[in-house]
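Data first, discussion second: the structure below is written as structure tokens.
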Amino acid sequence: MRRRSSPPPSPLPQRDGVDPVRVRLPAGDEWATVRDHLVARLAAGDGVIDGMLDAGLIVGADGRPVARDTAYVPGMYVWFHRPLPAEERVPYPVEVVYRDEHLVVADKPHFLATTPRGSHVAETALARLRRELDLPTLTAAHRLDRLTAGLVLFTVRPGERGSYQTLFRDRRVTKEYEAIAPYDPEVTLPCTVRSRIVKERGVLAARELAGEPNAVSRIELLEHRAGHGRYRLVPHTGQTHQLRVHMNALGLPILGDPLYPVVTGPVPAGDFRRPLQLLARVLEFTDPVTGHEHRFVSGRVLQAWSAYDAWAR
């Protein structure tokens with residue numbers, strides 16, 4: 001099998017810590033021009049692609065602007081910067097808990113996406129750290145949900161990213177979470193929850209279905225008071241929303257969860273009240289590059305435990 005060649009380096013710099021979009025023209029298409037393909041593929045609206053081409057905002061591998069009549073060549077790459085959406089700034093810092101020549105481990109706040117996606121682009125942990133640390137090559141080795149706070153591992157050198165991603169793929173990272181949820185003395189803990197979780201594209205909430213389990217979580221009660229418990233959650237698999245789904249299945253939905261047990265309406269931009277009380281507390285692994293044993297612990301405190309009335313306002 002012939003190995004696919006790596007794409008050429010981007011001729012465009014990052015903008016606000018965000019990489020330009022790269023498009024590879026696929027084989028098998030029969031477009032007359034690059035312009036025709038981009039109009040059909042990107043669905044950017046009438047006149048948008050033409051306007052970008054005329055302004056010289058779409059470039060080839062040599063950095064030169066692509067003209068409207070540039071012939072379509074399968075395998076050709078083009079780059080451009082997407083217009084940045086208007087984003088509400090998340091008013092909490094991304095704390096760096098560890099940094100060396102290979103890694104950055106950050107303590108991400110609630111409400112901040114890990115990487116650019118959808119309407120969250122420059123206002124993400126990755127883009128912020130690239131700007132603040134002046135590390136344009138920084139990439140994320142894994143992701144946390146936007147609503148979840150806690151530890152995220154970023155890699156400094158592009159050539160080493162795969163080694164760290166493999167740690168997560170092969171489940172060689174010990175991850176511990178903390179959550180605040182209702183306390184129910186009828187729920188026997190600790191316990192291990194096993195189920196089959198399916199997350200459909202375009203559907204906000206994941207579902208548990210009958211079938212072979214693909215999600216396993218260890219749930220422990222650390223302490224309780226005033227009808228709430230502080231829980232330690234250890235996922236042994238990595239399905240989308242796994243811990244939130246499993247806590248809800250126990251009848252212990254995590255405080256501040258807008259999806260489980262009920263999908264609520266969208267929160268207005270700029271409303272940072274009642275963050276989801278879920279925290280990625282611990283990351284522990286053997287560094288695949290240096291061989292060092294790492295254990296990182298988040299310094300964040302879940303507000304519904306430390307100051308419930310302030311959280312619930």
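The values are calculated or read from the model by the stated rules, or taken from the named source; none is laboratory data. Since we're looking at a predicted model, the values are computed, not measured. Cβ coordinates were reconstructed from backbone atoms using ideal geometry, including for glycine residues, and neighbour counts include every protein chain displayed. For the accessible areas, the whole protein counts, side chains as well, though only heavy atoms, and no ligand, DNA or RNA atoms are used. Shrake-Rupley method; radii C 1.70, N 1.55, O 1.52, S 1.80 Å.
Structural remarks
- Sparse packing (at most 11 other Cβ atoms within 10 Å of the Cβ) combined with a DSSP loop state is found for the following GluC sites (Glu not before Pro) in segment 38-124: 101.
- Extension gain, residue 50 back to residue 196 (0.36 nm per residue minus Cα-Cα distance, nm): 47.9 nm
- Sparse-neighbour loop sites [GluC sites (Glu not before Pro); segment 136-191; at most 11 other C-beta within 10 Å; DSSP]: 186
- Cleavage-rule hits, trypsin sites (Lys or Arg not before Pro), segment 40-103, DSSP coil, Cβ neighbours within 10 Å at most 14: 68, 89
- Equivalent-ellipsoid semi-axes for segment 1-78 (Cα gyration tensor, √(5λ), whole Å, largest first): 20, 18, 11.
- Per-residue surface analysis assigns residue 289 an accessible area of about 60 Å², computed on protein heavy atoms at 1.4 Å probe radius.
- Relative contact order (percent, whole number), the chain, Cα cutoff 8 Å, 6+ residue spacing: 14
- Heavy atoms of the protein chains alone define the surface here; on that basis segment 70-191 has 45 Å² accessible area per residue at 1.4 Å probe size.
- All-pairs Cα distance distribution in segment 71-121, expressed in whole percent, bin size 5 Å: 4, 14, 16, 16, 13, 14, 10, 6, 6, 2
- Per-residue ³J(HN,Hα) for segment 103-115, Karplus 6.51 cos²θ - 1.76 cosθ + 1.60, θ = phi - 60°, Hz, x for Gly and Pro: 10, 10, 10, 10, 9, 7, x, 4, 6, 9, 5, 6, 10
- Protein accessible area in segment 1-122, 1.4 Å probe - carbon and sulfur %: 50
- Centre separation in Å (Cα based) which lies between segment 80-110 and segment 121-167: 8
- Debye log10 I(q)/I(0) for segment 188-244, one point scatterer per Cα, at q = 0.12, 0.19, 0.26 Å⁻¹: -0.34, -0.73, -1.02
- Once all protein chains are placed together, residue 264 keeps about 80 Å² accessible to a 1.4 angstrom probe.
- Mean Cα-pair separation over length for segment 37-145, i.e. relative contact order, pairs under 8 Å, 6 or more apart, %: 15
- A 1.4 Å probe run over the protein chains yields, for segment 214-313, 48 Å² of accessible area per residue, whole-number rounding.
- Accessible surface of residue 52, taken over heavy atoms with a 1.4 Å probe and every protein chain present, rounds to 30 Å².
- By the Cα gyration tensor, segment 157-297 has an equivalent ellipsoid whose semi-axes, rounded to whole angstrom, run 27, 19, 17 from largest to smallest.
- With bins 10 Å wide beginning at 0, the percent of Cα pairs of the chain falling in each bin runs 5, 22, 28, 24, 14, 5, 1, 0.
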